[in-house]
Amino acid sequence: IPYHSYYGVGNETNLDRWLGYPLIPLTPQIFLLNFFDTQTYFFINLLLMFTIGFIGCLLIKNRYNLSNIPFIFLFLIYNFNGYIVEKISAYGPHLMGYFLLPYLFYFIFIASDDHLDKKNQINIGILLGITTSFILLQGSLHLYSISITFLGFWAVINLKMYLFSITSFITSFSLSAIKIVPAYFGYGNKENHHYWEAGGYANLSSFFESF
């Protein structure tokens, strides 16, 4: 896996940092590109990820014994969510992590509903960490940051589940290091090039100055 690419990636400041560009998918199915062109691969990958996400919805259905009517509403929300429908046509390859969100909520439901002992907190936390890391490895950087932020708030509110939270964060950051560390060295010391058009904080000092 190259760190540099002569072809250039994205519209960031360091155009040749292929591995450092966090929106590049880095999951096992990318090997299918050896056999299919990019358009065919995208369609196959979309069907694959949709199927995986649908299975996650079925896990939630079976856990709560949902009848067909509430499951239809769950499926409609999952399948026609405005976030994914709006962006899939323009940013499709970077949004495949969306289809892993049912597993994120499924493991959170297990941790919230069941009175887990310490061993099971660690086991479920590992599964949640794997789920969030695969969201990032799909190239879904924004969904990953949103998920980690949500889990951070959840961890603060549910302090008694600290083993579950800590384990999930450690697992997630460890498995995601292959994307996070190169991204930090490739882009972490550069100012936000979207600052002038969409706002944001290029560094910590500008964040405090905004107050």
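The values are calculated or read from the model by the stated rules, or taken from the named source; none is laboratory data. Predicted model, so just to flag it, every value in this text is computed and none were measured. Ideal geometry is used to build each Cβ from the backbone, glycine not excepted, and the neighbour counts take in all protein chains shown. These accessible areas exclude ligands, DNA and RNA; they are computed on the full protein's heavy atoms, side chains included. Shrake-Rupley method; radii C 1.70, N 1.55, O 1.52, S 1.80 Å.
For segment 63-72, the tally of residues that are surrounded by fewer than 11 Cβ atoms within 10 Å (Cβ to Cβ) and assigned to a helix (DSSP H, G or I) stands at 2.
For segment 42-54, the count of residues that are more than 24 Å from residue 180 (Cα to Cα), modelled with pLDDT of 85 or more and open to solvent by 80 Å² or more (accessible area, probe 1.4 Å) is at least one. Quick check on residue 91: is it in a helix (DSSP H, G or I), at pLDDT below 90, under 19 Å from residue 30 (Cα atoms) and open to solvent by 70 Å² or more (accessible area, probe 1.4 Å)? Yes: the conditions hold for residue 91.
Reported count of residues in segment 110-153, each being touching a helix residue (DSSP H, G or I) at 6+ places or on another chain (Cβ under 7 Å) and either surrounded by 14 or more Cβ atoms within 10 Å (Cβ to Cβ) or not in a helix (DSSP H, G or I) (or both), is 27. Taking segment 154-170 as the range and being under 17 Å from residue 106 (Cα atoms) and either under 18 Å from the mean Cα position of the chain (by Cα) or of a type outside the set (S, T, N, Q) (or both) as the test, the residues that pass are 154, 155, 161, 164, 165, 167, 168, 169.
Of the residues making up segment 156-166, those that are open to solvent by 20 Å² or more (accessible area, probe 1.4 Å) and in contact (Cβ under 8 Å) with a residue 12 or more places away in the chain are 158, 163, 166.
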